[in-house]
Amino acid sequence: MPSHLLRAALAALVVAVATAAGGAAAKPRAKRPAATALATAAGAPAPSAVARAAADGTGYAERAEVRAFVAEMAERHGFAESGLLQMFSQVRRNDAAIRLIAPAPPEFRRSWAAYRARFLDPLRIREGLRFWNEQELWLDLAAQRFGVPPEIVVAIIGVETLYGRMTGEFRVVDVLTTLAFDYPQRADYFRSELEQYLLYSRESALDVFSVRGSFAGAIGLPQFMPGSIRRFAVDLDGDGSVELRSNPADAIGSVASFLATHGWRSGEPVRFEMRFDSEARLAPLVEAGIRPQFTISELAEYGVSSAEPVAPDMPLALVDLPNGDGAASYYLGAPNFFAITRYNRSSFYAMAVYELARRLAALR
Ligand SMILES: [Ca+2]
């Protein structure tokens with residue numbers, strides 16, 4: 001996950017991962033380098049490795065900003081500089097990651113109806129019901145421990161990766177390095193995630209080159225960024241390790257833990273159907289964003305009411321979902337809607353998760 005800060009457009013993310021995973025751009029072009037164990041890496045980089053990297057045109061190990069980053073990692077976390085430089089000499093720039101992370105062009109007209117159809121598809125619904133049945137014990141345990149109902153967790157894992165079928169084929173160290181040093185718009189964020197990834201790899205004794213993920217470096221069934229793994233992931237099955245790539249129990253617990261940490265309120269609704277007098281009067285509410293801050297009586301001043309009962313002190317936000325050239329869809333978002341948007345900062349995403357969750361719960 002949650003990745004949270006990063007996902008300007010998770011729609012794009014999941015779909016692009018799915019698309020790219022089958023295409024040449026996502027396949028690693030290089031053969032896999034020898035395992036690099038950072039915890040024990042010591043000694044000077046092998047000259048041949050550096051020479052090979054330079055010949056391939058990667059060159060990260062020679063760049064001043066990478067060397068500064070390496071020095072910082074050594075100072076702050078005790079990494080061996082030589083080991084990191086050797087690693088960077090084998091990292092490959094991934095241009096597909098830069099293409100895919102770029103925001104959609106301004107003329108692109110988003111459509112909630114199209115987005116919704118993409119994620120409430122028969123395959124995802126069928127596999128969601130199957131996942132729920134197979135993982136019922138862990139889903140119930142997570143619900144008990146974190147207060148997040150099973151259908152929400154099942155829906156998130158479905159939207160993120162279709163229950164582990166689309167976890168991404170990008171080598172995580174390549175895309176994080178590329179975005180950290182060759183995508184200035186998000187350099188701070190991705191340098192921080194690269195730092196988190198190196199720490200995560202060391203703590204988990206992982207070969208840094210072995211982990212695959214999305215073009216943005218999100219990992220495993222729930223697509224957590226490395227920083228989110230270190231902050232929010234949990235060992236739900238209690239086997240002593242947190243494993244989000246192959247262990248559904250830990251993925252389930254980690255999604256629930258993430259939502260609980262980001263304000264999920266047990267037993268409360270996610271959204272309300274709404275009525276309104278005129279679209280023009282909604283503009284200030286759209287402008288106010290998706291953080292819930294208006295009571296239902298405050299919303300009445302803008303001609304807005306709820307079609308369902310709402311507690312008088314429930315903070316609400318107006319959720320606007322454009323439909324291309326058609327009429328936009330509007331809902332009132334409760335704090336739990338906002339919590340889902342912390343997983344991925346998109347109203348489209350959060351609403352698709354909620355609608356898929358509802359559908360799964362109704363069919364079960
Ligand atoms: Ca575990």
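Coupling constants for segment 209-215 follow from the phi torsions by the Karplus curve (6.51 cos²θ - 1.76 cosθ + 1.60, θ = phi - 60°), and in residue order they are 8, 8, 8, 10, x, 6, 4 Hz; glycine and proline get x.
Model label points for Tyr183 and Ala71, set 7 angstrom from Cα along the Cα-to-Cβ axis, are 2.7 nm apart.
Spatially, segment 329-364 and segment 146-184 are offset by 17 Å when compared through their Cα centroids. Computed from backbone phi, the HN-Hα couplings of segment 149-163 come to x, x, 5, 5, 5, 4, 5, 4, 5, x, 5, 5, 9, 6, 6 Hz, rounded to whole numbers (Karplus: 6.51 cos²θ - 1.76 cosθ + 1.60, θ = phi - 60°; Gly and Pro given as x).
Rounded to the nearest 20 debye, the dipole size of segment 239-364 about its Cα centre is 300 debye, using +1 on the Cβ of Lys and Arg and -1 on the Cβ of Asp and Glu. Between Glu298 and Glu136, the C-beta separation translates, for a Förster distance of 45 Å, into a calculated FRET efficiency of about 0.65. Residues whose amide H lies under 5 Å from that of Tyr163, counting only those 5 or more places away or on a different chain, are Gly158; hydrogens are built 1.01 Å from N in the peptide plane. Taking amide H as placed 1.01 Å from N in the peptide plane, the amide H of Phe170 sits under 5 Å from that of Gly213, each at least 5 places away or on another chain.
Given +1 at the Cβ of Lys and Arg, -1 at the Cβ of Asp and Glu and no other charges, the dipole of segment 132-268 around its Cα centre is 360 debye to the nearest 20. Scattering from segment 123-268 was approximated by placing one identical point on each alpha carbon and applying the Debye formula without solvent; log10 I(q)/I(0) at 0.09, 0.18 1/Å stands at -0.28, -1.02.
Spin-label model, Ala311 to Ala280: label points 7 Å out along the Cα-to-beta-carbon direction sit 3.7 nm apart. Each peptide among 327-333, 193-199, 160-166 gets the average number of other Cβ atoms lying within 10 Å of its residues, and from highest to lowest they stand as 193-199, 160-166, 327-333.
For segment 123-128, 3J(HN,Hα) computed residue by residue from phi via the Karplus equation (6.51, -1.76, 1.60; θ = phi - 60°) reads 4, 5, 5, 4, 5, x Hz, glycine and proline entered as x. Near the amide H of Phe224, within less than 5 Å, lie the amide hydrogens of Ile219, all on another chain or at least 5 residues away, with H placed in the peptide plane. Placing +1 on the Cβ of every Lys and Arg and -1 on the Cβ of every Asp and Glu, with nothing else charged, gives segment 188-278 a dipole about its Cα centre of roughly 200 debye.
Since every read-out is calculated from the coordinates, none of them should be taken as a lab result. Worth saying up front: this structure is predicted, and the values here are computed from it rather than measured. All Cβ positions, even for glycine, are placed from backbone atoms using ideal geometry, and neighbour counts span all protein chains on display.
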